[in-house]
Amino acid sequence: MKEKTVSSQDETGEALLLRYVRGSSSDAENVRIMQWMKEHPDNEKILIQVAQMYYARRTKERIQQRDSLLAFHKTLQRRKRKARRIFLRRLSVAVACVALAVSVAVNYYFLSQREVEQQFITVQTNAGMRTRLNLPDGTEVDLNASGKLTYPASFGSKERRVILDGEGYFQVARDAGRPFIVSVENKRMEVEALGTAFNLQAYASDSLLKTTLVEGSVRIGMQSESGVWQHAPLKPSERAVYNMAAKKLHVAAINPAYDTAWIQGRLMFKDMPVPEVLTRLSYFYGVTFDVKDEIINNYTFTGTFENRQLSQVLDYLRISSHIDYKIIPPAEDDSQGVRRTKVILRKR
């Protein structure tokens with residue numbers, strides 16, 4: 001079988017597609033792109049995704065202008081009927097309006113699968129940023145700060161599977177024939193749904209994975225060390241907390257508003273243990289905490305914050321819980337990788 005690809009011998013297909021979107025590709029490369037788009041209907045979708053993700057890095061002022069993406073689709077159709085130079089000019093104008101307030105990393109893997117290629121897209125958000133995206137089946141996903149979602153350019157006929165590292169709010173498009181599955185933690189746990197809305201907090205660095213059901217129904221799947229899967233149903237207004245270390249699942253009735261407030265840029269805590277509060281603040285603001293007095297971890301915290309700076313949240317924590325803090329900016333030398341701001345907490 002001949003593999004479909006747009007890559008040359010010494011460069012990836014992603015690089016060629018990005019040059020095409022930027023308008024810096026050669027005439028020969030433009031011809032290759034147009035031929036590649038004709039090879040399979042999904043290839044046109046891939047080009048659209050690349051264009052969207054590329055211009056998302058450059059634009060942060062305009063959020064969720066979905067009409068611009070529709071204009072891109074129309075422009076792409078016109079391109080098939082017009083000369084290459086006219087299409088490239090209109091393409092850059094149409095796509096420039098697409099905006100998401102995040103820095104997005106996109107990876108494409110060209111895997112031959114029978115006669116159809118499978119392409120995967122990875123969307124990643126920076127600390128303090130959120131984004132909303134539409135999946136190929138119409139499912140809407142809000143991705144919280146410091147999160148990463150990987151999904152195929154087109155879902156298969158049996159299931160709709162995505163991979164989450166972070167926190168996401170999923171409004172799943174109903175499709176009785178294809179369950180929607182979110183895999184986390186190296187596929188050691190998954191959440192299965194049809195048409196429903198739920199929040200899933202599953203950062204790879206955390207041992208606690210939290211699923212909050214807003215409406216509909218889901219099944220929590222947990223894989224044992226021996227590879228055996230166990231499933232537990234969840235009802236609306238219930239939260240399931242799976243302890244990866246202890247291999248235990250705890251389900252409790254809660255108010256979903258506290259777990260989904262981040263979608264509107266709010267942080268809501270109600271009698272929450274301080275370690276959980278610090279975990280949320282760590283991901284939301286991209287900082288690390290160093291608790292010097294162990295007794296602080298025994299405290300609980302209640303408060304609601306909307307579009308507040310970290311220092312304002314810490315000031316409230318200092319007043320309400322008698323905790324002093326010190327913010328230490330990261331070192332200027334970033335040769336060892338990403339360095340985060342550190343916050344030191346002490347008992348007053």
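The values are calculated or read from the model by the stated rules, or taken from the named source; none is laboratory data. Keep in mind that what you see is a predicted model, and the values were worked out from it rather than measured. With ideal geometry, Cβ positions are generated from the backbone for all residues, glycine too; neighbour counts draw on all protein chains shown.
Looking only at region 3-19, filter to residues that are at pLDDT below 75 and assigned to a helix (DSSP H, G or I); which one of those is surrounded by the most Cβ atoms within 10 Å (Cβ to Cβ)? Step by step, filter region 3-19, then rank; the result is GLY13. The set of residues in region 276-315 that are part of a helix (DSSP H, G or I) and either more than 19 Å from THR341 (Cα to Cα) or of a type in the set (Gly, Ala, Ser) (or both) comprises SER282, GLU294, ILE295, ILE296, ASN297, ASN298, SER311. Checking each residue in region 297-310 for being under 27 Å from the mean Cα position of the chain (by Cα), of a type outside the set (Val, Ile, Thr) and surrounded by 12 or more Cβ atoms within 10 Å (Cβ to Cβ) picks out GLY303, PHE305, ARG308, LEU310. As for region 314-330, it holds no residue that is more than 23 Å from the chain's Cα centre (by Cα), under 20 Å from GLN264 (Cβ atoms) and without any contact (Cβ under 8 Å) to a residue 12 or more places away in the chain. Just one of the listed residues (LEU234, LEU213, LEU194) is of a type in the set (A, V, I, L, M) and within 26 Å of LEU281 (Cβ to Cβ), and it is LEU213. Restricting attention to region 328-348 and to residues that are closer than 16 Å to THR279 by Cα and out of contact with any Asp or Glu (no Cβ under 9 Å at 6 or more places or on another chain), the residue that is modelled with the highest pLDDT turns out to be THR341. The criterion of at least 2 residues that are modelled with pLDDT of 90 or more and within 26 Å of THR341 (Cα to Cα) is met, among strands (runs of 3 or more DSSP E) falling completely within region 88-165, by 120-124, 140-143, 148-152.
Can you pull out every residue in region 225-241 that is small (Gly, Ala, Ser) and under 26 Å from the mean Cα position of the chain (by Cα)? Correct list: ALA232, SER237, ALA240.
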